[in-house]
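Here is the structure we will look at, set down as structure tokens.
Nothing in this text is a laboratory measurement; each read-out follows from the coordinates by a stated rule. A quick note: this is a predicted structure, and the numbers were derived from the prediction, not measured. All Cβ positions, glycine included, derive from the backbone under ideal geometry; neighbour counts span all protein chains shown.
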């Protein structure tokens, strides 16, 4: 029996009219079969041709921009400016990742020559490069209908290196996903890429979870990319662990993103710090994995007054802020339940309460002492919405204890002034093993897409702290080294041939060649 | 209560006299605590200093060569020439991996500059590099008392990049392991490396498994390297999965290493092929993870006579070969049980039988048709000893079907002559997704230690097909990217400072800098 579902309108707090059809079990399998059939031919397409394919996807997304933005707005309730920025970013990611692979430099070509005279045995010719792993499953994320969904960074990075992709679209934005999938399909046809390099599965309601499990348990899938909740990620890991042949899960599961406000900084710019932090925690209704969820305040010595002023300013911003719709009633109700539960914990003070009066949500500010934080594990759980927990630390020692107590996170931030230098450096060194990205005098939101960016961190931020889902290194998740021993020259991949037809910088006998 | 154990003398088929003391639970914990305490300081030691440390370990191993070789011979029963080669290789690995990190190029330094004028938001300065992940647990392998044990490639690659190591020595060569550990400790002291960067745990008997589990479940351990059986690797994975915080297992679990003997090659050089293959499967009593365990013969057309001659020559070699001791009675009895079970399967023919008369073992050759192989899953299980299964294929189609049926493997080999070109290339393309290393006209044993080598393959060869335990890329298992945003220049790691004090080739704004 065909199962159907509808997306949700966050702005109107009701279902949207369009009915979408859930992928059947056989549709999941067919997408994986087609991806597998396409894999060898797609792996052999040249790097420059795949870069063109990605650029064409960006172009097709641009062509449909108006429809995509309208649909994404209706399905997510996110503000137009935010969605415009996200579409631009999505297109930039495709162009950027195409640029990363265009010249083929990413294959890390290595050549070690033969030595027939070596004793006791001749040394064979050995060459290796990184090659695509095969079909990849990508899960669309609820909070980024474009940049982390159907045509988002996971899809782009896998397609860039030559891996077919099967996307499970997020149930909360099926219409947006269909438009993005259509853009990819037009680009595929235009660029003559093999049929099946891109598959797209819609699902909602009860069928959504089943489609996800069928996809990751399909024997043809070689790796999985997921951006979502810790609970969702662990459930997916469990489904993957049940496979006969294990495959990697690249799960980006959110984070607390601790921010340390040091005394000198607070005294120098409490008002500006409050404004900057509030914008970071409130934008997109706080539905960002880099939202600052934990703020440690140097509430001692000469900074105590500045801390008061900082908190007061933050509360003023919160009171003046507009309410915002959340992605779904489930997101909203879970968040309200978490906040309400936390507010009843001994030692937690609510500085700014959420009215709970409408279907839209306002920012929440809570505070406590470090001792309270360390006594209540519930306070170290992520609250996915526009709020944060201010933790008052009564000494440098407490700030350092706070840093040691932080669970693995995508980011860790220190706001400092010249007077804070020694403490700031000690804190950053302490935070280093606990985060993927360290920030000085900034906020964790706003993830640049460039060669250097790291968007991943020690568990529970990611299932694989050695990987990133954003930036130039994102492609490395979809590659594995393959070694060729004693191959006739013309049988080798172009990247490893003596004549070096792609003009790559290679490692030859262990040295830059 | 202190538990003790003794190593086994394969040559004399009895326990050795020396009594060794098992690490207690608190000793396991202490080693992990010390490694964790050493980690930050060790991560900050310069690349060149760590290269010197590794070179010094090689020197200390050389100083103790006579004692090490004597002890390894007594504990493993491996031939002196093999052990001399292995010690040389172990020392070379240390020197090679030191060379890989000496200049710091492996940190993949990336810089993306700020742009204060960018709209709508200024672009922050973002830089990143690969940093050591922290304490690593290494499991010594039974079959390589030196090169894959206490001072082997896993230890060397982790120490090279700045990760402390805690080794669980293999119960079958504790004396050898102690000598290697002492060499590392002398080098550590000589080079002034932090106390605790190297820990060493002995265990045997019932305590061996418990020590392994305690080690991988210690919350301070960040990754595990294991070379051993599929069963052992899966048990370890289960212990790791029970941790609150997941960590990667880099397990190299052995392989069948299929070899395809094509018609032209057989007709051209059946005798030489048989000699070469026999040496490969028989050396070190076949106790190598790259031993060719499955040989597909092009037994059709004009090659049929050559196949007969090939098989007859192989049998002659087997009959003439000396028996060899195996690493342990458990290895021997398990192997004999597997061979005996296989020989009773319908369709399996024993070309050369093992007498079973002494504690030493002779080579075994079995043969079957492709149909038999595909009907009997037991024939696709690794037999860890001096034997192989010859599979007669009656057509090109059968050879290709054979290639498709091969499970993930460390290597796949094609022996061909000019007449075989088209078939050879199709076979290699079919084998590509199923192996880490493809070999033409050679044998899979003999793993070169160089920049290009890949020693890892799709499951069940490895738990992580994207990693290698040998060669230049082996270091990448112990690194993760860390990103620095808006850092004052002097707070950055040297590798990322504007002045580029280490003179690294870096990626700047996405381009080679």
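Legend: P(r) of region B:1-76 from all alpha carbon pair distances, 5 Å bins from 0, whole percents, reading 3, 12, 11, 13, 15, 19, 15, 8, 3, 1.
Remark: spin-label model distance residue A:30-residue B:276 equals 4.8 nm, labels positioned 7 Å along the Cα→Cβ axis. Size descriptors for region A:362-422: radius of gyration and Dmax over Cα atoms are 12.8, 38 Å. Using the alpha-carbon positions of region B:315-361, Rg (one decimal) and Dmax (whole number) come out as 11.5, 31 Å. Distance from the axis that maps chain A onto chain B is least for the Cβ of the chain A residue given, with the whole Å value, as A:241, 3.
According to the Cα-based calculation, Rg over Rh for region A:143-198 is 0.95, with Rh computed by the Kirkwood formula. Compactness of region A:1-155, taken as the C-alpha radius of gyration over 2.2 N^0.38 Å, stands at 1.47.
Our summary gives region B:416-463 a relative contact order of 35 percent, counting only alpha carbon pairs under 8 angstrom and 6 or more residues apart. Using only alpha carbons, region B:29-109 has a radius of gyration to Kirkwood radius ratio (Rg to Rh) of 1.09. Ordered by the number of other Cβ atoms lying within 10 Å of each residue's own Cβ, fewest first, A:190, A:170 fall into the sequence A:190, A:170. For chain A, the longest principal axis of the Cα atoms and the long axis of helix A:25-44 meet at an angle of about 60 degrees.
Here is how the number arises for the protein assembly as shown: DSSP H runs of 4 or more residues each give -39500 (n - 2.57), the sum is divided by the residue count, and the result at 222 nm is -12500 deg cm²/dmol. All Cα-Cα separations within region B:390-513 were binned at 10 Å from zero, giving a P(r) of 11, 29, 22, 17, 12, 7, 2, each value a whole percent of the pairs.
For chain A, DSSP calls about 40 percent of its internal beta bridges antiparallel.
Axis angle, to the nearest 10 degrees, between helix B:80-102 and the longest C-alpha principal axis of chain B: 30 degrees. Divide the volume of the convex hull around the Cα atoms of the protein assembly as shown by the residue count and you get 168 Å³ per residue. Diffusion of region B:204-284 by Stokes-Einstein, at 20 °C in a medium of 1.002 mPa s and with Rh set to the Kirkwood radius over alpha-carbon pairs, works out to 135 µm²/s. Both the radius of gyration and Dmax for region A:232-379 are 18.0, 61 Å, in that order, over alpha-carbon atoms. Per-residue Cβ neighbour counts within 10 Å put B:469, A:503 in the sequence A:503, B:469, beginning with the fewest. Per the Cα gyration tensor, region B:304-429 maps to an equivalent ellipsoid with semi-axes of 28, 17, 14 Å, ordered largest to smallest. Take the Cα of residue A:376, step 7 Å toward its Cβ, do the same at residue A:315, and the gap between the two points is 1.7 nm. For chain B, a/c is not less than 1.5, where a ≥ b ≥ c are the root eigenvalues of the C-alpha gyration tensor, and a/b does not top b/c. That puts it in the oblate class. Cα-Cα pairs above 21 Å in region B:139-258: how many percent? Looking at region B:139-258, the distances longer than 21 Å represent 36 percent of pairs. In chain B, Cα pairs under 8 Å separated by at least six residues give a relative contact order of 18 percent.
With a simple spin-label model that places each label point 7 Å from the Cα along the Cα-to-Cβ direction, the separation between residue B:425 and residue A:103 comes to 3.0 nm.
Footprinting exposure proxy ranking of A:108, A:299, fewest other C-beta atoms within 10 angstrom first, gives A:108, A:299.
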